[in-house]
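Read-outs throughout are calculated quantities, based only on the coordinates presented, and are distinct from any laboratory measurement. Computed from a predicted structure; not experimentally measured. Cβ placement follows ideal geometry from the backbone for every residue including glycine, while neighbour counts extend to all protein chains displayed.
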Amino acid sequence: MDRSPQSAPGGGSDVAEGPERVHLRFEPDATEVRVPAGTSIFDAASWNGIAIDSTCGGHGTCKKCKVRVLDGEVPVTAVDPRAFSPDELRDGWRLACRAEARADLVIDVPPLQTRPKAALVGVGRHVILRPAVQKRHLVLDEPSLEDQRSDVQRVLDGLDDLEPRVELAVVKTLGTVLREAHFDVTAVVADDVLIAVEPGDTTVRRFAIAFDLGTTTVVATLLDLETGTPAAVRSMLNRQQPYGADVISRVSATMLDDAALSALEARAHETLSQLAAEVCEEAGVAPHEVYEIVVVGNVTMTQLALGIDPEPLSMAPFIVASHDLPPALASDFGVSAHPRAPAIVFPSLGAYVGGDIVAGMLATGLTRDKRVRLFIDVGTNSEIALGSNERVLATAAPAGPAFEAAQIRCGMRAADGAIEGVKIRDGELQLEVIGDVEPIGICGSGLVDCVAEMVGAGLLDHSGRFTDDPRMTKIGEERVFMLADDVYLSQRDVRELQFAKASIATGWNILLREMGLTPEDISQVLLAGSFGAYLSPASAVRIGLVPPLALPRIVSAGNVASEGAKMAALSHRERAEARSIVHEVEYVELSGREDFNDLFVDQLAFPG
């Protein structure tokens, strides 16, 4: 059954049906979890912090992930008889990576033979270090008249715990590498593919790069897969900026100019290539030692980087080229890495809920937490998710550029001279300015703060209109609130923010309605993205951007897209979890809903 999220045409409730779930109890700790039917026992355990032995990456070749089914039925797979005797199979022993949970089960997990390495990533999450890129040092017997095995078979026989596929590009140089190294080599396996055979022992040198391909900023993190730690981090502005500050502008550029798509693809490649070169140089890593890249980004950025026409994303019914793209290489993104390094691209939920949000849900553990939590990535296109391990809904709200201070009279990016915080205390104006210099404009967080403070000080009424307070001044015929010399807030600026916050508030209110919940049911609000990191929870509540919860329950989740990308690079199990999220989360399309306009109008006012 195809469970890809679909946007239903027309009005009404456009919610995709979610999968059936099953209950699992893991002994001896009596840990109980609920997972989608068909999830492997290994995945169910890994997602919930229950460690099961494995070294093969879930391909059923190491035969170490042994568990015993105490209650319930799990069919014997073709791989199980290789690991267990007939008596053991009758007693319920199975390989966890091959055993699918189709009904409620009780499972006994033996103690670990070796303690796995773990890395702290995501939002305070420990991830078991199981990268898809693995290396094995092999000292092989040289061929003889008595041993005429092929070179490929000789290497595969040495990989006793892995059964990779071998591609022609590796075979072309294999004979030379083996003989020049006197059959002392290291095999490099990415997922289930042998991508290289290197001379000598290179097992301690394996790296991956996690990219957060943002509309404005691109971040690259070079990861040491041996230790699970970042070796270098760099960021830079996306070089696609000349084609527009937002995705709609860039899509429009491809529709108006036939040459724009290839130009945007080239600029994305330039950005990723430069960042890859910088992190490798900083850490002293050769490009050929980067054996994998992971890319997260919104659907438009991902398609542009791969040269895929984004026009169908821009108009109803908002169709993506593919929710889960075919296999790609690092070279497809213009990144200089090992020539056969795969590129792992996060899947998407909808045209405007892309891989970056799936990565965010992975990093925050939204689909695995018993608490009901609200996830908001605030931006031009604000993505929203609500739910718990029982059910999660997601949507996208077209907030416009106000939060990035675009179309704000004195708006600017968060750079030196931007007002990022505003307080009005006892009638006195207090400003926080980036760089501690004279203010020259106001950025998104400063705009939210300023409007919230003006509401609290009686300078704005709850409809958003300027009051007749004597602290208001005029520039020409326009009434404004002065923040500094040549920096002010206009009535139009306030309206821009109202439209943006009302769009987001309408989004999460619709999700609450679909879930049959109220704001009081929400345990935590997670504000994601670079803007969310600087947004004041008190100001967000005061303008009605988020539900009126106790302030400690409104937290900045930081750059969770980048964290999710790192998790996928460090653990193939987390990667499987990302794919699971796409099938579990139900996408709600706001376009065409009959109740949207009425709810939107209700959310324009400031709470009071």
Among the listed pairs LYS135/LYS172; LYS63/LYS172; LYS64/LYS566; LYS423/LYS474; LYS474/LYS501, which are separated by more than 24 Å between their Cα atoms? LYS63/LYS172; LYS64/LYS566; LYS474/LYS501
Expressed in nm to one decimal, what extension gain is obtained for the pair SER523 and LYS370 from 0.36 nm per residue of sequence separation less their Cα-Cα distance? 54.1 nm
Once both axes come from the Cα atoms, what is the angle between helix 168-180 and the longest principal axis of the chain, in degrees from 0 to 90, rounded to 10? 60
How big is the antiparallel share of DSSP beta bridges in the chain, given as a percent to the nearest 5? 70
ASP309 label point, 7 Å along Cα→Cβ, cut-off 19 Å on backbone N: hits in segment 251-273? 251-266
Output the relative contact order of the chain, whole-number percent, from Cα pairs under 8 angstrom with separation of 6+ residues. 15
Peptides 84-91, 507-514 ordered by average Cβ neighbours within 10 Å, highest first: 507-514, 84-91
Express in nm, to one decimal, how much length is gained between VAL139 and ALA321 on full extension, taking 0.36 nm for each residue of separation and deducting their alpha carbon distance. 61.0 nm
Label model pair ARG68, SER150: point-to-point distance (7 angstrom along the Cα→beta-carbon line) in nm is 4.2
For LEU429 and ASP184, what does the FRET efficiency come to when R0 = 51 Å and r is the distance between their Cβ atoms, rounded to the nearest 0.05? 0.10
In whole angstrom, the spacing between the Cα centers of segment 361-434 and segment 563-583 equals 24
Cα long-axis angle, helix 260-283 against the chain (0 to 90 degrees, to the nearest 10): 70
What spacing in nm lies between the two simple spin-label points modelled at THR31 and THR202, each 7 Å away from Cα in the Cβ direction? 3.6
Give me the net charge for the shell around GLN430: Cβ to Cβ below 11 angstrom, other residues only, Lys and Arg +1, Asp and Glu -1. -3
Please give the helix 355-364 orientation as an angle from the longest Cα principal axis of the chain, in degrees from 0 to 90, rounded to the nearest 10. 80
Counting other beta carbons within 10 Å of each Cβ, put ASP356, ASP80 in order, fewest first. ASP80, ASP356
Per-pair calculated FRET efficiency, R0 = 30 Å: HIS288 and GLN241 via Cβ, rounded to 0.05: 0.45
For the chain, what is the calculated [θ] at 222 nm in deg cm²/dmol (nearest 500), taking -39500 (n - 2.57) for each run of four or more DSSP H residues and dividing by its residue count? -8500 deg cm²/dmol
Just to verify a number: FRET efficiency for MET472 and ALA328, C-beta to C-beta distance, R0 = 56 Å, to 0.05? 0.50
Segment 207-345: C-alpha gyration tensor shape, a/c 1.5 cut-off, then a/b vs b/c: prolate
Which entry in [x] 11, 18, 13, 11, 11, 11, 8, 7, 6, 3, 0; [y] 19, 48, 27, 6, 0, 0; [z] 16, 41, 34, 9, 0 is this structure's computed P(r) over Cα pairs in 20 Å bins from 0, in percent? [y]
Centroid-to-centroid separation of segment 521-546 and segment 244-292 [C-alpha atoms, Å]: 31
